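Presented below is the structure to which this report refers.
The values are calculated or read from the model by the stated rules, or taken from the named source; none is laboratory data. Computed from a predicted model, the values in this text were never measured in an experiment. Note that each Cβ is placed from the backbone with ideal geometry, even for glycine, and that neighbours are counted across all protein chains shown. Surface areas here come from the heavy atoms of the whole protein model, side chains and all, with no ligands, DNA or RNA. Shrake-Rupley method; radii C 1.70, N 1.55, O 1.52, S 1.80 Å.
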Amino acid sequence: MPRQSISVVQVADPAAAAALVADEIAQLALAQRRGGSALVLGLATGRTTTAVYEALAERVLARSLELEGAIAFNLDEYCGLSASDPRSFAAWMRERFFDRVGWPGERTRIPSGLAGEDCERHCADYEASIRAAGGLDLQLLGIGRNGHIGFNEPGSARDSRTRRVRLGPETIEDAARDFGSAEAVPRFAITIGVATILDARRVRLLAFGEKKRAALERALHGEISSDCPASFLREHADLRVYADAAALGQSLPRKASV
Ligand code: F6R
């Protein structure tokens, strides 16, 4: 059922949101360790989340965050790119975070862009490994201009799971800057599903800048439907949105904490 109120936190800038998210992750990691279990994080790539990895790396290096035993599952990867391709999300994560904090490869999972004919099995295995790890304690998300979360493009079902998807025109256009041209952007990707995201125990969605305003407005106040996959997040019991004034625009927080 849709929640009565959404926790929307207006922040000054991405660094302010990153500090709050990184502090929450540090507290969760500590609580999990004290409880004898490992933290399981769902991670996103992209400009929105870059500051979060900065903040997390700072905390690891300052020893206020201990990731030993923790497991990360990334949301998505482009089909056709190997993990060593500098344009892959795998390389992006290694460069900005995993290598900096020495988080070993066997505990940082990301869908393979080279699953090819085995794609269906690979996706089922990815879902199974999230379940085997005990499920995601916290899923970090950005939002696409078309309302996507992960690469769950408009049309993605509420009950969708990890699968191969065709990327929409806005997503290709936005990725063009990372590939040199729109033509060079892969047309397909593997993404975890909407249902996989909703299964996470906590969801933290970040959105900054005017370009995200319309998508965030639909996600927070529009109809809950596949037309805007991020709108399904309103059915989650522990969703928190961190956004700046430009992204919030008309959709001023109904329940702001900062
Ligand atoms: C990235 C991902 C995407 C991005 C979204 C926002 O792994 O799954 O959903 O979070 O496209 O991208 P940026 O942050 O670059 O605007």
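Summary table
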read-out	value
PRO2, sole failed condition from (1) part of a loop (DSSP other than H, G, I, E, B); (2) at pLDDT 95 or above; (3) open to solvent by 40 Å² or more (accessible area, probe 1.4 Å)	(2)
Matching residues, segment 65-91, being buried (at least 21 other Cβ atoms within 10 Å of the Cβ) and part of a helix (DSSP H, G or I)	PHE89, ALA90
Among residues of segment 19-51, those that are in contact (Cβ under 8 Å) with a residue 60 or more places away in the chain, open to solvent by less than 50 Å² (accessible area, probe 1.4 Å) and assigned to a helix (DSSP H, G or I), counted	7
Some residue of segment 176-197 being touching a helix residue (DSSP H, G or I) at 6+ places or on another chain (Cβ under 6 Å), of a type in the set (A, V, I, L, M) and within 10 Å of the ligand (Cβ to nearest atom)	no
Selection count where residues are within 11 Å of the ligand (Cβ to nearest atom) and under 21 Å from ALA133 (Cα atoms), scope segment 91-108	1
The listed residue being part of a loop (DSSP other than H, G, I, E, B) and surrounded by 23 or more Cβ atoms within 10 Å (Cβ to Cβ), out of SER160, SER156	SER156
Hits in segment 34-85 (condition: in contact with a Lys or Arg (Cβ under 7 Å, 6 or more places away or on another chain), within 17 Å of LEU20 (Cα to Cα) and within 16 Å of the ligand (Cβ to nearest atom))	THR50, TYR53
Subset tally (residues that are part of a helix (DSSP H, G or I) and over 14 Å from TRP92 (Cα atoms)) for segment 102-124	11
Test for GLU54: is it surrounded by 14 or more Cβ atoms within 10 Å (Cβ to Cβ), in a loop (DSSP other than H, G, I, E, B) and in contact with a helix residue (DSSP H, G or I) (Cβ under 7 Å, 6 or more places away or on another chain)	no
Looking only at segment 220-247, and only at residues there that are surrounded by fewer than 22 Cβ atoms within 10 Å (Cβ to Cβ) and among the polar types (S, T, N, Q), the one that is farthest from SER7 (Cα to Cα)	SER226
Filter result for ALA26 (within 16 Å of the ligand (Cβ to nearest atom), of a type in the set (A, V, I, L, M) and either in contact with a helix residue (DSSP H, G or I) (Cβ under 6 Å, 6 or more places away or on another chain) or within 28 Å of GLY209 (Cα to Cα) (or both))	no
